[in-house]
């Protein structure tokens, strides 16, 4: 190492505390911005270049740098995203956060020829006004990160030049992962569209067009189909209604043979009045002035089971479905059966 | 109405005895405060000697359950008699607790 490089190594040693502070500030700003924008990512990570790594770099191309601050990757940060679309969204976010050195920034995704595949990442060289040093920020997807990490590992471990055949196989994998990345993004977009369409159908009351599943049942619940019944039940004792989750009723409606939200809605309408009669019969002689938002749908299911001849065993299966299998469910079913039998459902 | 709290490793147990009605609820709400502070543990509400529960009592159980859920832990209601079981069922809270 020549004198110029040795001086730069001394400068590096003195600058280490500042470089560490810069790294921590960059990471904190990135994490805070991701949280503010509600963006989930796989990793936000960073490092200050090690002494050994810098020595290697200077040994190779030390003459290229006049001063230490000409080296742009002394501090490096990386954001690894789930989806390719997120790389561009985060890039826009980064452009607002930091000053970008456009001359030294490079979108490696754009460097490939039409018929070539390989390393794919967006590299930004950035600056914060209060620091002398620039830093490098890499943005890539999880799959691009996996490829780059394995490619780096293979390149380093062999220590000899890798034959063309192997390089071709590695780069071929980059092409496959690029296809997988695009497919993941497309799937996410299509699922979002599907949810939006289902929500719209629920809002417009076109429930027969919507298959019953976890997503669609959640949309149905957002339309609060049991509120009117719950309010009638609450009025029996001027009770307050405590909100509780109702998603577990999906499996009950499925067990009733409902295939669409339209089937669920018809069943609800059919048994609503009897469900209210059951509640009035049970609560009318009490001073209980608190009920859960599950009471309406629970009673609908109970009267449906009894009206269909499901009997005590049907009720046990129902309570198993909503409470989880439990020895107490038999006693609860027995009690419910006895309470309801005078109603001639 | 008496309430006794016991800690047992990763569990905290409350033993209720008597009638948890409106009159007893204020004192019971005070007595269960240690449960709310230990809500990161599994909470067991032992009702072997609990004879009756009113809406005020239900509200206490719900506040314990809410605190436990915020800490990702569960509440087990143990050995309830037939009348209390009926209260849980009629009000629709039966699926909110693990009833043993």
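The values are calculated or read from the model by the stated rules, or taken from the named source; none is laboratory data. If you're wondering where the values come from, they're calculated on a predicted model, not measured in any experiment. Heads up, the Cβs are rebuilt from the backbone with ideal geometry, glycines too, and the neighbour counts pull from every protein chain shown.
Taken as a whole, the condition of being within 30 Å of residue B:58 (Cβ to Cβ), buried (at least 17 other Cβ atoms within 10 Å of the Cβ), touching a helix residue (DSSP H, G or I) at 6+ places or on another chain (Cβ under 6 Å) and more than 14 Å from chain B (Cβ to nearest Cβ) applies to residue A:217. Here A:339, A:267, A:306 are screened, and the one residue that is in contact with a helix residue (DSSP H, G or I) (Cβ under 8 Å, 6 or more places away or on another chain), within 13 Å of chain B (Cβ to nearest Cβ) and surrounded by 16 or more Cβ atoms within 10 Å (Cβ to Cβ) is A:339. Taking residue B:33, is it farther than 23 Å from residue A:288 by Cα, surrounded by fewer than 22 Cβ atoms within 10 Å (Cβ to Cβ), at pLDDT below 95 and within 13 Å of chain A (Cβ to nearest Cβ)? Spelling it out, it is not the case that residue B:33 is farther than 23 Å from residue A:288 by Cα, surrounded by fewer than 22 Cβ atoms within 10 Å (Cβ to Cβ), at pLDDT below 95 and within 13 Å of chain A (Cβ to nearest Cβ). When B:27, B:6 are checked against the criterion of being assigned to a helix (DSSP H, G or I) and either more than 20 Å from residue A:239 (Cβ to Cβ) or without any contact (Cβ under 8 Å) to a residue 24 or more places away in the chain (or both), a single residue qualifies: B:27. Of the residues making up region A:225-235, those that are exposed (fewer than 14 other Cβ atoms within 10 Å of the Cβ) and within 22 Å of residue A:206 (Cβ to Cβ) are A:227, A:228. Using the structure shown, decide if residue B:7 is loosely packed, with under 14 Cβ neighbours inside 10 Å and more than 10 Å from chain A (Cβ to nearest Cβ). Against the criterion (loosely packed, with under 14 Cβ neighbours inside 10 Å and more than 10 Å from chain A (Cβ to nearest Cβ)), residue B:7 qualifies.
Per-residue answers, yes or no, for (1) assigned to a helix (DSSP H, G or I); (2) closer than 21 Å to residue B:96 by Cβ:
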| site | (1), (2) |
| --- | --- |
| A:241 | no, yes |
| A:247 | no, yes |
| A:253 | yes, yes |
| A:257 | no, no |
| A:263 | yes, no |
| A:278 | yes, yes |
| A:281 | yes, no |
| A:288 | no, yes |
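Assess whether residue A:278 counts as being in contact (Cβ under 8 Å) with a residue 12 or more places away in the chain, more than 8 Å from chain B (Cβ to nearest Cβ) and under 28 Å from residue B:21 (Cα atoms). Yes, satisfied.
Per-residue answers, yes or no, for (1) within 22 Å of the chain's Cα centre (by Cα); (2) within 30 Å of residue A:45 (Cβ to Cβ); (3) within 14 Å of chain B (Cβ to nearest Cβ); (4) crowded, with 17+ Cβ neighbours inside 10 Å:
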position	(1), (2), (3), (4)
A:127	no, yes, no, no
A:167	no, yes, no, no
A:178	yes, yes, no, yes
A:190	yes, no, no, no
A:209	no, no, no, no
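Within region A:309-326, the set of residues being in a loop (DSSP other than H, G, I, E, B) and more than 8 Å from chain B (Cβ to nearest Cβ) comprises A:309, A:310, A:325.
Of all residues in region B:36-50, those satisfying the criterion of being under 25 Å from residue B:82 (Cα atoms) and surrounded by 14 or more Cβ atoms within 10 Å (Cβ to Cβ) are B:42, B:43, B:44, B:45, B:46, B:47, B:50.
Within region B:47-86, restricting attention to residues that are assigned to a loop (DSSP other than H, G, I, E, B) and out of contact with any strand residue (DSSP E or B) (no Cβ under 9 Å at 6 or more places or on another chain), the residue that is nearest to the other protein chains (Cβ to nearest Cβ) is B:72.
For region A:292-301, taking the residues that are at the interface with chain B (Cβ under 9 Å from one of its Cβ atoms) and out of contact with any strand residue (DSSP E or B) (no Cβ under 6 Å at 6 or more places or on another chain), the one that is farthest from residue A:221 (Cα to Cα) is identified as A:299. Scanning region A:22-43 for residues that are more than 13 Å from the chain's Cα centre (by Cα), surrounded by 15 or more Cβ atoms within 10 Å (Cβ to Cβ) and either in a loop (DSSP other than H, G, I, E, B) or not assigned by TED's automatic domain parsing to the domain that holds residue A:135 (or both) turns up nothing.
Against the criterion of being free of Cβ contacts under 8 Å to residues at least 12 places away in the same chain and either more than 15 Å from residue A:126 (Cβ to Cβ) or not assigned by TED's automatic domain parsing to the domain that holds residue A:140 (or both), residue A:55 does not qualify. If only one of B:18, B:57 is closer than 23 Å to residue A:293 by Cα and either in contact (Cβ under 8 Å) with a residue 24 or more places away in the chain or buried (at least 20 other Cβ atoms within 10 Å of the Cβ) (or both), which one is it? The unique qualifying residue is B:57.
Residues in region A:119-134 that are in contact (Cβ under 8 Å) with a residue 60 or more places away in the chain and assigned to a loop (DSSP other than H, G, I, E, B): A:128, A:131, A:132, A:133. The single condition from (1) in contact with a strand residue (DSSP E or B) (Cβ under 9 Å, 6 or more places away or on another chain); (2) within 11 Å of chain A (Cβ to nearest Cβ); (3) modelled with pLDDT of 90 or more that residue B:89 fails is (1). Scanning region A:236-257 for residues that are away from chain B (no Cβ under 14 Å) and surrounded by 19 or more Cβ atoms within 10 Å (Cβ to Cβ) turns up just one, A:253.
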